[in-house]
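The structure appears right after this line, and notes come after that.
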Amino acid sequence: MNDREFNAAVRCHYDKAIEGGQVISRPWLTQQIVASWSPPMGEDADKYLCCAYRAVRAQVEKEIRASHLSDADDAKTLPGFHWVQQRYAIVRGKDLCDVPTSEMTVSELRAKARELRRMSIGLMKHADELERYADIREAAKAG
């Protein structure tokens, strides 16, 4: 299995869990994926299994994070809302999870709103600096 096939296999498991409307925690999906494969054999089997868990766990985290990076589109938002997504990446306990919005607690919803507000402040500062940088470059070119 090459990297592309590995990533596609993890994505397939992730997509199936989403289609099922499940809460997806990184440890749970990692276990589901590794358990679906044939176990390694031989005296180094435990080492290979450890490496498998690490690789799958890292890819599951990438899938969870990547699925929430794009701008809201109609397919991913709740009916009647322009921005409220059907699922959010949140931390429950110490585990990164992908949770249907309907399964989030009010406390988790409010925490996500606070996180988005904090992000917006940073994004505005970032935009301001980009504008300042563009102004400096424009002035240098003109002068």
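Bear in mind these aren't lab numbers, they're just calculated from the coordinates by the rules spelled out. Quick caveat, the model's predicted, so the values are computed rather than measured. No Cβ is skipped: glycine too gets one built from the backbone with ideal geometry, and neighbour counts run over all protein chains shown.
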In degrees, nearest 10, the alpha-carbon axis of helix 3-19 is tilted away from the dominant principal axis of the alpha carbons of the chain by 90 degrees
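What size of dipole, in debye to the nearest 20, comes out for the stretch 3-74 about its Cα centre when the only charges are +1 on Lys and Arg C-beta atoms and -1 on Asp and Glu C-beta atoms?
Details: 9 positive and 12 negative charges, 45 e Å.
Computed about the Cα centre, the dipole is about 220 debye.
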The helix 45-66 Cα axis meets the longest alpha-carbon principal axis of the chain at an angle in degrees, between 0 and 90 and rounded to 10, of 30 degrees
Cα extents of the stretch 87-143 per principal axis, largest first, Å, are 58, 18, 17
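Which of the trypsin sites (Lys or Arg not before Pro) found in the stretch 46-129 are loop residues per DSSP with 14 or fewer other Cβ atoms within 10 Å of their Cβ? Before the final figure, lay out each step's value.
On the way: sites: Lys47, Arg54, Arg57, Lys62, Arg65, Lys76, Arg87, Arg92, Lys94, Arg110, Lys112, Arg114, Arg117, Arg118, Lys125; in loops: Lys94.
Passing sites in the stretch 46-129 are Lys94.
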Restricted to pairs 8 or more residues apart or on different chains, the lysines in the chain with C-alpha atoms under 24 Å apart form a number of pairs equal to 10
Only helices counted: for the chain, with every DSSP H run of 4 or more residues adding -39500 (n - 2.57) and the sum spread over all residues, [θ] at 222 nm is -21000 deg cm²/dmol
If Ser38, Ser25 are placed from fewest to most neighbouring beta carbons inside 10 Å, the sequence is Ser38, Ser25
Treating every alpha carbon of the stretch 3-74 as one equal point scatterer without solvent, the Debye formula yields log10 I(q)/I(0) values at q = 0.16, 0.19, 0.25, 0.29 Å⁻¹ of -0.59, -0.79, -1.20, -1.44
If one compares the long axis through the Cα atoms of helix 26-35 with the longest principal axis of the Cα atoms of the chain, the angle in degrees, nearest 10, works out at 40 degrees
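Hey, fewest Cβ within 10 Å first, where do Glu138, Glu43 land in order?
On the way: Glu138 10, Glu43 6.
Going from sparsest to densest Cβ surroundings: Glu43, Glu138.
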Among chymotrypsin sites (Phe, Trp or Tyr not before Pro) in the stretch 81-137, those in a DSSP loop whose Cβ has at most 15 other Cβ atoms within 10 Å are Phe81, Trp83
Computed from every Cα-Cα pair in the chain, P(r) in 5 Å bins starting at 0 and rounded to whole percents is 2, 8, 14, 17, 14, 11, 10, 8, 6, 5, 3, 1, 1, 0, 0
Which residues qualify? For Arg92, with a placed amide H closer than 5 Å and at least 5 residues away or on another chain, they are Cys97
